[in-house]
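Just below is one structure, and these are the notes that go with it.
Each value in this text was obtained by applying a stated rule to the coordinates, not by laboratory testing. Since this is a predicted model, take the numbers as computed values, not measurements. Cβ: placed from backbone, ideal geometry, glycine included. Neighbour counts: every protein chain shown.
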Amino acid sequence: MLTNMLYSISLQDFDIDKKETKRAVEDSLKDFHFSYWAVPSTAPADVVRMAGQTEHGHAFLQLSNKNVQLIISYDENYNKALSRCISYAHDKLVVLIDTLGRLKARTSFCGVVAQYVYDDIDDPMSYLKKILFIDTGPSILHNVDLRFSVVYKNMYYVNVELSVLSDAAHSKRALGVKVDVNNRYMLEKEDAISDANDIFEVVSLQESINQDVIMKLLHEGRLELNE
């Protein structure tokens, strides 16, 4: 099941401290109830100045002079219906990107992170042992965290993290899969500046890494991205 999504946009020379900017954000993003912090002008640019949350708490938005992050959390009514999750997040993202466009915000890169939790897998450790070809003999393998990164089409980083998650309250373990897709590679290798609208291309790539792709990774140790 999909538990949360994180949409992140790295900004350049943005000034959320300006009254006009705060008002424009608040007027455009009417689904959010905002709070503000009085941050000294000498504070680092990545310190959050403004944050908002939707009425039922499923979407959380935080803004600094360096970064905008939209975090969508899904409850039991959504987290097993991917199409509903994607539709809900898309609606919030469209309004956010439109707002940044009207504010003439300049961006460096953007990314989308999806967190999946598979609590129906009885022995999550066995999947990770198989992928890593670990043989511990009679010794019990207690835990494994697997992280890797690939470059896709000389434009994107696709970062994948596989881990065993523990629910101490129910003595149950689950398999966690985190997929982070971003276009930071373009900035680092090509010195190319991103546009806020580029996040929709990142979203498209993130959505292409669907359950079939993830299951093939878990069962066969193969990450197959469409070339």
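Here are some notes:
- Dipole orientation for the chain: of the candidates T21, G52, Y156, T21 has the Cα lying most toward the positive pole (charges on Cβ; Lys, Arg +1; Asp, Glu -1).
- Cut-off under 5 Å, modelled amide H: who pairs with L11 long-range: N67, V68, S108
- Shown here for the stretch 127-227: chymotrypsin sites (Phe, Trp or Tyr not before Pro) in loop regions (DSSP other than H, G, I, E, B) with at most 13 other Cβ atoms within 10 Å, namely F133.
- Projecting the alpha carbon convex hull of the chain along each direction and taking the average yields 14.8 nm².
- With each label modelled as a point 7 angstrom along the Cα→C-beta vector, the R147-D123 pair spans 2.8 nm.
- Length gained when the stretch L187-M215 is fully extended (0.36 nm per residue, less Cα-Cα span): 7.0 nm
- Distance from the stretch 136-168 to the stretch 64-116 (C-alpha centre basis), Å: 24
- For the chain, the Cβ-based charge dipole about the Cα centre amounts to some 380 debye (Lys, Arg positive; Asp, Glu negative; other atoms uncharged).
- Extension gain, S139 to S166: 0.36 nm times the residue separation minus the Cα-Cα distance gives 7.7 nm.
- Computed helical MRE - 222 nm, the chain, DSSP H runs ≥ 4 contributing -39500 (n - 2.57), nearest 500: -9000 deg cm²/dmol
- Inter-label distance, R23 to E201: 3.6 nm, where each label sits 7 Å from its Cα along the C-beta direction.
- Trypsin sites (Lys or Arg not before Pro) within the stretch 1-76: DSSP coil, no more than 13 neighbouring Cβ in 10 Å: K18, K30
- Cross-link partners of K153 among lysines (Cα-Cα below 19 Å; sequence separation of 8 or more within a chain): K189
- Of K92/K216; K18/K66; K19/K66; K129/K172, those spanning more than 25 Å from alpha-carbon to alpha-carbon: K92/K216
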